[in-house]
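Notes to accompany the following structure.
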Amino acid sequence: MPRQTTPPADYPQAVLRQIEALGQNIATARKRRGESQAQWAKKLGVSQPTMARIERGDPSVAMASYVMCLWLINQAQGLAELIAPVHDHAALEREVTDARARWSPASRRPRRPLQGVEEARKAAASSSPSPPSPPVGNAAGLAALLHPAGPPTK
């Protein structure tokens, strides 16, 4: 297994606190279920001392061991969903800002073409001399990501 390049002692304190809180929550969940560290260690495929390190929030324990604990606690929730692109608001805001800059009212011309725009321009140029408009699909997609609609109505 490759060595870590950053020792856990050099991690930001906020990160260490989050890992420690995660370990405490794992310990609480295990205790509420009335199971021992040894029982959970067996389910995880780790040793009982490693289970104790997880519950202490040791940042050097493999991420897979923490993820397995989370799965034991709540199998329906996906850890990856926490950072799914749809929840990355900073990146979405940047994409919207970039899109607005490409389609400023003064120029009405994109600085860099979006995928599929060139084909649409050629088709529009052959049918009408009006200036190109921003691609509706991309703007609608970004708007849907920023302001998701509720569940579909029946």
Net lengthening on full extension, Met63/Ile83 (0.36 nm per residue, minus Cα-Cα) | 5.7 nm
Which ³J(HN,Hα) values, rounded to whole Hz and listed in residue order, are derived for segment 77-94 from phi using the Karplus coefficients 6.51, -1.76 and 1.60 in 6.51 cos²θ - 1.76 cosθ + 1.60 with θ = phi - 60°, glycine and proline given as x?
-> 8, x, 4, 4, 4, 4, 10, 4, x, 5, 9, 8, 5, 4, 5, 5, 4, 5
Contour excess over end-to-end distance, with Cα ends at Ser47 and Arg94 and 0.36 nm allotted per residue | 12.4 nm
Any idea of Glu93's accessible area? Nearest 10 Å², probe 1.4 Å.
-> 110
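The values are calculated or read from the model by the stated rules, or taken from the named source; none is laboratory data. Computed from a prediction, not measured in an experiment: that's the story for all the values here. For accessibility, only protein heavy atoms count, side chains too; no ligands or nucleic acids. Shrake-Rupley method; radii C 1.70, N 1.55, O 1.52, S 1.80 Å.
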